[in-house]
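Below is one structure; the comments refer to it alone.
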Amino acid sequence: MTDWDRDIRRRLHDLDGQGLLRERRPVSNAAFPVLEREGASLINFSSNNYLGLAGNTKIVQAEGKGAYSGAGATASRLITGTDEGTKMLEKELATYKGTEAALIFGSGYAANLGVLSALLGREDAVFSDRLNHASIVDGIRLSGARCFRYRHGDADHLETLLQKADRQGFRKKLIVTDTVFSMDGDIAPLADLLELKERFGAALMVDDAHGGGVFGPEGKGVVHQLGLGDRVDLHMGTFSKAFGVYGAYVAGRENWIRYLVNTSRSWIYTTALPPAVTAGIAASLQLVRQGEDLRQSLREKSRWFRNELQRAGFDTGPSASQIIPVMVGENRASLRFSQRLADRGVLAVGIRPPTVPKGTARIRFSLMANHRCEDLEQALEAITETGRELGVIA
Ligand code: PMP
């Protein structure tokens, strides 16, 4: 055994001691509201497939057809990885988001990493909500910019930090935020952020990973729902959640996108998405745009489910979306809760640090437009029983 082996064994042991060890547990039928894991049928509350589109045959067929152009894209975007379909899709996305241009990235993680590290440099100041997604945190780290983290959703704190940055002489300032926060399901105070960004001459980038497809007319996202689309400098979103496919986009002014094409390393130095995936995204975009019934169903189910959880005495945090946490607190308690739920036919995984702050472990429920009402009722019963058994509710 080498020093490395001993050290890695110790690290794993430490993680286990803190109740933070993770395992890969295979499931099948993950694209559907009921999936199978280790031989058990479980009602699925752990996917980001909010509209159920990952299981949509039209999209799967489009992917199959797309695959006839090649199993892979064979090269990166600036070599031979841009085909007509991709160019058209980027144009359509720009129209959809009401921006001058758009760019498709390999994933949401790659988009945030590549955009933030390309835009920001050591001389810049970036203002990031404390609960922003890890890909935003990593993009900022890679950029070397001075990072001011403001308290979650706290525009007053952001204002104080903007003033501080002005005093320190930072000229270019970027505010970046998730729209819907992935672990709390609450929504950023976008109107306040926009007011501040305009007053302080900053720019605003939003990550609409969990809002895209779900909120706004034609699923255009949270900023469009609020009628603020044209005041945001850079929109980022993923195709891996409500769109049910994979990949991501960034949309904004023509020159910003041209600049990213020339500088964003996670976009330049990686193979383009396979044709099957871009074909799937294109098909999904049509369904998302026409998906008002799905959005309404998701909204109604989410509201009902959240109300019922609260009525049972659970703390659902600040959730105002299809993402609904049940606060548990302690890491191991969240694991026990999740396991007991699985024993009762419900899949909702425990979310632990470092994904969420220490002491705020929780069970996260993600609703789907095609969850059956009787399954939601059965799940509520299981959650309530488990909550009583583990003393989470009285
Ligand atoms: N941003 C947010 C807010 C996310 O929740 C996620 C995915 N969990 C990402 C970005 C990354 O997106 P992708 O899964 O497409 O890489």
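The values are calculated or read from the model by the stated rules, or taken from the named source; none is laboratory data. Model, not experiment: these values are computed from the prediction. Here Cβ is always computed from backbone atoms with ideal geometry, including for glycine, and neighbour counts include all displayed protein chains. When the accessible area is computed, the model is the full protein with side chains, heavy atoms only, and any ligands, DNA or RNA have been set aside. Shrake-Rupley method; radii C 1.70, N 1.55, O 1.52, S 1.80 Å.
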Take the Cα radius of gyration of the chain and divide it by 2.2 N^0.38 Å, with N its residue count; two decimals is plenty.
-> 1.00
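Can you order the peptides 31-42, 300-311, 246-257 by their average number of other Cβ atoms within 10 Å per residue, highest first? Provide the component values of the computation, followed by the final result.
Values: 31-42: 14.8, 300-311: 17.0, 246-257: 21.0.
Ranked from most to least packed, the peptides come out as 246-257, 300-311, 31-42.
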Non-local amide H neighbours of Tyr150 (under 5 Å, H modeled in plane, Pro and chain starts lacking H): which ones?
-> Ser128, Asp129, Arg130
Just going by the charge dipole of region 1-159, with Lys and Arg at +1 and Asp and Glu at -1 on Cβ, which of Gly106, Leu158, Val137 is farthest out on the positive end?
-> Gly106
Taking H as built 1.01 Å from N, whose amide H comes closer than 5 Å to the amide H of Ala203, not counting residues under 5 places away?
-> Lys173, Leu174, Ile175
Take the Cα gyration tensor of region 126-262, multiply each eigenvalue by 5, square-root it, and list the three semi-axes largest first, rounded to whole angstrom.
-> 23, 17, 15
Does region 321-394 come out rounded, prolate or oblate, given a ≥ b ≥ c as the square roots of the eigenvalues of its C-alpha gyration tensor, rounded meaning a/c under 1.5 and, failing that, prolate meaning a/b above b/c?
-> oblate
Cα extents of region 264-324 per principal axis, largest first, Å, are 50, 29, 16
Farthest positive-ward along the chain dipole, Cα basis, beta-carbon charges - from Gly169, Trp304, Ala279 | Gly169
So what are the ³J(HN,Hα) numbers for region 332-340, from phi and the Karplus equation (6.51, -1.76, 1.60; θ = phi - 60°), rounded to whole Hz, Gly and Pro as x?
-> 5, 5, 5, 5, 4, 4, 5, 5, 5
The simple spin-label model distance between Arg10 and Ala394, using points 7 Å out along Cα→Cβ, in nm, is 4.8
Long pairs among Lys58/Lys87; Lys58/Lys197; Lys58/Lys97, criterion Cα-Cα beyond 30 Å = Lys58/Lys197
So what's the Cα pair-distance distribution over region 257-394, bin width 5 Å, in %?
-> 2, 9, 15, 17, 13, 10, 11, 11, 7, 4, 1, 0
Region 214-349 - percent relative contact order, Cα under 8 Å, separation 6 or more = 16
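Largest first and in whole Å, what are the equivalent-ellipsoid semi-axes of region 223-323 based on the Cα gyration tensor, each being the root of 5 times an eigenvalue? Don't skip to the end; give the middle numbers.
Numbers: eigenvalues 215, 62, 42 Å².
Semi-axes (√(5λ), whole Å): 33, 18, 14.
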Out of Glu374, Glu92, Glu195, a Gaussian network model of the chain with alpha-carbon springs under 10 Å gives the largest mean-square fluctuation to Glu374
Along the charge dipole of region 1-76, which of Phe45, Ser69, Leu20 sits closest to the positive end, that is, farthest toward it, with unit charges on the beta carbon of Lys, Arg, Asp and Glu (+1, +1, -1, -1)?
-> Ser69
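Run the accessible area of the chain with a 1.4 Å probe and give the carbon-and-sulfur part as a rounded percent.
Of the solvent-accessible surface of the chain, carbon and sulfur hold 50 percent.
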To the nearest 20 debye, what is the magnitude of the charge dipole of region 1-134 about its Cα centre, counting +1 on the Cβ of each Lys and Arg and -1 on the Cβ of each Asp and Glu?
-> 200
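Under the classification rounded if a/c is under 1.5, otherwise prolate if a/b is larger than b/c and oblate if not, where does region 1-49 fall, given a ≥ b ≥ c as square roots of the Cα gyration tensor eigenvalues? Walk me through the numbers on the way to the answer.
Details: a/c = 3.61, a/b = 3.00, b/c = 1.20.
It comes out prolate by the Cα gyration axes.
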Over all distinct alpha-carbon pairs, what is the Kirkwood Rh of region 79-203 in angstrom?
-> 15.7
For region 368-394 and region 205-271, write down the distance between their C-alpha centroids in whole Å.
-> 34
Å² per residue, accessible surface of the chain at 1.4 Å | 46
Report the residue, chosen from Gly219, Gly237, Gly70, that carries the largest GNM mean-square fluctuation when the chain is represented by alpha-carbon nodes joined by springs under 10 Å.
-> Gly70
Cα-centre dipole for the chain with unit charges at Cβ (Lys and Arg positive, Asp and Glu negative), debye to 20 = 720
Give me the number: length gained by fully extending Leu226 to Ala134, i.e. 0.36 nm times residue separation minus the C-alpha to C-alpha distance, one decimal in nm.
-> 30.6 nm
Neighbour net charge for Trp256 - beta-carbon separation under 9 angstrom, K R +1, D E -1 | -1
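Once the mean 1/r over all distinct Cα pairs of region 25-117 is inverted, what Kirkwood radius in angstroms do you read off?
Details: mean 1/r = 0.0614 Å⁻¹.
That comes to 16.3 Å for region 25-117.
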